[in-house]
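Shown next, in structure tokens, is the structure this report addresses.
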Amino acid sequence: MSAATATRKGGRWIEQWDPEDEQFWENGGKQTANRNLIFSVLSEHIGFSIWSLWSVMVLFMGPQYGIDPAGKFFLVATATAVGALVRVPYTFAVARFGGRNWTIISALLLLLPTVAAAIVMKPGTSYTTFMLVAALTGVGGGNFASSMTNINSFFPLRKKGWALGLNAGGGNIGVPVVQLVGLLIIGTAGATHPRILLSVYIPLIVIAAALSALKMDNLAPVKNDTGAAKEAVKDAHTWIMSFLYIGTFGSFIGYSFAFGLVLQNQFARTPLQAASITFIGPLLGSLIRPVGGRLADRFGGAKITLWNFLAMAAATGVIIIASTQKSLPLFTTAFIALFVLTGLGNGSTYKMIPGIYAAKALAKGLEGEEAASYGRRLSGASMGLIGAVGALGGVGINFAFRQSFLTEHTGTPAFVSFLAFYAVCFALTWAVYLRGQAAAPAESVQAESKPQLGYAQV
């Protein structure tokens, strides 16, 4: 049966979906999947923009707001934390409500923090109020989990890497885009008109929800697998990969939120000067994420991740030197390089996950479709949790900067702690996934898996 003739229930539900069937895929399935991917990216893109909204709002908060640097770091950390935590329920919402339906709902939920910010964004508003409104933007962080879960169901295993890379990268670009819009507003209207930024995004949210309703589909075969979720929680690899994802995506989102504040407080940049730089790192980090996935496909995700952490440590070392010498050009160059490396690492770590669980299936003696099915179940169940824990790394980064500026009035101690963390990630990747092929089931996928099963290289 082709996708074009797939029977549907009311409300754009597709009752049968089999993308692994090449005839089904070529006879309409590919077009349906690509259409859903396009509008998923749009909604997730705006979700990331709203999640990172306060990385821009704090640039509008001059002395008249009465909030010190530590308070601003806490605001952006609050948004990061809520966004990380809601990723878990958002992961399960797709099967409960349908991918299309939940995309509509999650898009409309973005109106809450945006409208609330438009109401309270003025001097004299209490810090508690700002903190509550910043927390609301966390709903944008949840969009990533539900969007990735939904798109994962539409594509065959042989196409998932590129599709998920495009979906994630397109969403991540929402961070530099909102920063670019903020730069445009600060450069033209000045740093006292934050509501202009909000007035841009409110209609975009409505448009994204409307297009999701008109163009997307629900997949009836997608069900929540509580058994796989419980098994993933008990598996050590889920937590090891969560730790590594803290180092890659946690760094990306944490630095995206904090970069402008660091430039303002460590190098005395004006809001316009800070905004003119902050978008570059997140933009390059977003664009290169699919490249990290492609490199992982070719050379193995563990190898790319290992050397990527080494490069991240080296870039952080240069940042520490630039910070102590107060060299803005060197600091900015190294920080942007670090952003690029976080993007590469995002792609390579995410590509490791399917290979790990495919290898575990082989270790259990499973073969053929049974092994492939086991790998898909476990990797799908673990991705939501790994994504949530990884995003919490952004909270740690902002808290580290907050404490660093409170005690030393510089970000240097925070960068020293980040350097140590990347060294631990490097050692962990080598010890678990690269120290001897026989002892690392995840690496053995490259040698033992059957190409027709579509196992990803770890």
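The values are calculated or read from the model by the stated rules, or taken from the named source; none is laboratory data. Keep in mind that this is a model prediction, so the values were computed, not measured. Methodologically, a virtual Cβ is constructed for each residue, glycine included, from the backbone with ideal geometry; neighbour enumeration extends over all protein chains shown. Surface areas here come from the heavy atoms of the whole protein model, side chains and all, with no ligands, DNA or RNA. Shrake-Rupley method; radii C 1.70, N 1.55, O 1.52, S 1.80 Å.
A few points about this structure:
- One residue from Ala414, Ala359 being more than 30 Å from Trp54 (Cα to Cα) and surrounded by 17 or more Cβ atoms within 10 Å (Cβ to Cβ): Ala359
- Applying a threshold of 7 Å to beta carbon distances and a minimum spacing of six or more residues, or different chains, the list of pairs starting in the stretch 286-311 at a residue that is polar (S, T, N, Q) and ending at one that is outside any helix (DSSP H, G or I) and at pLDDT below 95 reads Ser286/Ile173.
- Residue tally, condition part of a loop (DSSP other than H, G, I, E, B) and in contact (Cβ under 8 Å) with a residue 40 or more places away in the chain, over the stretch 174-216: 4
- Tally of residues being open to solvent by 40 Å² or more (accessible area, probe 1.4 Å), at positive phi and part of a helix (DSSP H, G or I) across the stretch 368-411: 0
- Flag if Ile277 is in contact (Cβ under 8 Å) with a residue 12 or more places away in the chain, open to solvent by less than 40 Å² (accessible area, probe 1.4 Å) and touching a Phe, Trp or Tyr at 6+ places or on another chain (Cβ under 8 Å): yes
- Qualifying positions in the stretch 259-269 - open to solvent by 10 Å² or more (accessible area, probe 1.4 Å) and in contact (Cβ under 8 Å) with a residue 60 or more places away in the chain: Gln264, Asn265, Gln266, Phe267
- Number of the condition not met by Ser256 [criteria: (1) surrounded by fewer than 24 Cβ atoms within 10 Å (Cβ to Cβ); (2) touching a Pro at 6+ places or on another chain (Cβ under 7 Å)]: (1)
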